[in-house]
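The values are calculated or read from the model by the stated rules, or taken from the named source; none is laboratory data. It should be emphasised that the depicted structure is a prediction, and the values quoted were computed from it without experimental measurement. Cβ atoms come from the backbone with ideal geometry, glycine included; neighbour counts cover every protein chain shown.
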Amino acid sequence: MRIGVVRETAPGERRVSLVPDGVARLVRAGHAVFVQSGAGAASYYPDEQYVKAGATVTEDPSIVFGADVVLHIRPSPDGEPGRSWPVPGAVLVGTLAPLSDPRLTARAAQTGLTAFSLDTMPRISRAQSMDVLSSMSTIAGYYAVVWAASRLPKLFPLLMTAAGTIAPARVLVLGAGVAGLQAIATAHRLGATVQAFDTRPVVKEQVESLGASFLTLDVTGAQTAEGYAQQLAEDVHARELALLRDPVAAADVVVTTAQVPGSRAPELVTADMVDAMRPGSVIVDLAAETGGNCARSVPGEVVEAGGVTVFAPLNVPSLMPVHASQLYSRNVVNFLTHLIERGLSRPESGGAWRWDAQDEICRRTCVAHAGEILHEAVRERLAQKGGDADAR
């Protein structure tokens, strides 16, 4: 099988979909890997390392985008087939964000691609090694706390000195998914006193196992079958905000991570809460790409609000591209291996790709195939927006 690794062109994207170690694994399995020159440069994987791993590095995008399988982080929906978009009939593997941006899935169907979106991976035990969202959330949770520690005008740990005792910083993490749990673990290792809150009581044990205390509020929400939080009813959300006011005001650092797949991120830190925080406090809003959890957040920017620093970073994994690319690459190789084991193949006479359509991992991640959109939610959203009839 011919596998293409493209050079990402999205603004600010520094990751690469396959690192040299991943190339070596695929080459050993008998595949030919073609890497667009400079694909790994922004993540510090030079062309020479790809050549050494067994890849063919080329300046010609038509070779990469003309491969059987094209690996991407985030393709552009406006790409030209064979130059900046896979040729018709190819397999596209990437993070297509079908719920938040259905254009990519629609374009894949219109172009006749078989498209697998790694951000729709089911959260089941046998898919953990392919779970891109978890891998990237781990990076984000770590980065948020390290960034906050660098901006907070206080030390994180308890220090007992001849000049007196310095109390530890107080960190509050809102949302105890993968990013939140990593933020908790990092803050605890740095010596802070950590509290965490989540509407899902089932995460309490995980929070406490990482050294944080679970903030018990009279607010409980449901979760999806995949373990994601569901939106709260308006009256419950209003009570949640009222109960969070004091813990937010008492914190030196607040890290917010709460997101609901396919919806705007819930507001957890209101403008009034920010105003009530002590000057010098720091908020890192990891939900900026879906609207943000903090009312004072400006996506992609650092703002000062009454002496409180509010940071709403975008595409956080790209800020740590070496390990973000490494983890993404491992997820991709594991996923490709799984697809091939499940019979991914193309008839010698051409035509549509085939695989085990009954396999849950394949079924849940395939969003477009043979000119059709397979993701029901995407079809519904396109219909609501008056999407192209053929795409629907």
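For the range 302-319, a residue qualifies if it is surrounded by fewer than 19 Cβ atoms within 10 Å (Cβ to Cβ) and not acidic (Asp, Glu), and the qualifying residues are Val302, Val303, Ala305, Gly306, Gly307, Leu314, Leu319. Within the range 165-191, residues that are more than 21 Å from Arg278 (Cβ to Cβ) sit with their Cβ atoms under 9 Å from residues that are buried (at least 19 other Cβ atoms within 10 Å of the Cβ) and of a type in the set (Asp, Glu), at 6+ positions apart or across chains, in these pairs: Gly175/Asp198; Ala176/Asp198; Gly177/Asp198; Val178/Asp131; Gly180/Asp198.
Among the residues of the range 329-362, write down those that are part of a loop (DSSP other than H, G, I, E, B) and either in contact (Cβ under 8 Å) with a residue 40 or more places away in the chain or of a type in the set (A, V, I, L, M, F, W, C) (or both).
Within the range 329-362, Leu344, Arg346, Gly350, Ala352, Trp353, Trp355, Ala357 meet the criteria.
Among the residues of the range 241-273, which ones are surrounded by fewer than 23 Cβ atoms within 10 Å (Cβ to Cβ), among the aliphatic types (A, V, I, L, M) and farther than 22 Å from His188 by Cα? Leu241, Ala242, Leu243, Val260, Ala265, Ala271 - these are the residues of the range 241-273 that are surrounded by fewer than 23 Cβ atoms within 10 Å (Cβ to Cβ), among the aliphatic types (A, V, I, L, M) and farther than 22 Å from His188 by Cα. Which of the residues that make up the range 236-265 are among the β-branched types (Val, Ile, Thr) and either farther than 21 Å from Tyr143 by Cα or not in a helix (DSSP H, G or I) (or both)? Correct list: Val236, Val253, Val254, Val255, Thr256, Thr257, Val260. Among the residues of the range 108-133, those identified as in contact with a Pro (Cβ under 7 Å, 6 or more places away or on another chain) and in contact (Cβ under 8 Å) with a residue 60 or more places away in the chain are Gly112, Leu113, Ser117, Thr120.
Go through the range 2-56 and report how many residues are acidic (Asp, Glu), surrounded by fewer than 20 Cβ atoms within 10 Å (Cβ to Cβ) and under 25 Å from the mean Cα position of the chain (by Cα). Walk me through how you get there before you give the answer.
Filtering the range 2-56 down to residues acidic (Asp, Glu) leaves 8, 13, 21, 47-48.
Adding the requirement that they be surrounded by fewer than 20 Cβ atoms within 10 Å (Cβ to Cβ) leaves 13, 21, 47-48.
Now restrict to residues that are under 25 Å from the mean Cα position of the chain (by Cα): 13, 21.
Residues meeting the conditions: 2.
The set of residues in the range 91-107 that are of a type in the set (Gly, Ala, Ser) and in contact (Cβ under 8 Å) with a residue 40 or more places away in the chain comprises Gly94, Ser100, Ala106. Taking into account only those residues within the range 187-196 that are buried (at least 24 other Cβ atoms within 10 Å of the Cβ) and not β-branched (Val, Ile, Thr), which is farthest from the chain's Cα centre (by Cα)? In this case the residue turns out to be Ala192. Exactly one residue among Val260, Val269, Val255 is at pLDDT below 95 and closer than 20 Å to Thr199 by Cβ, and that residue is Val260.
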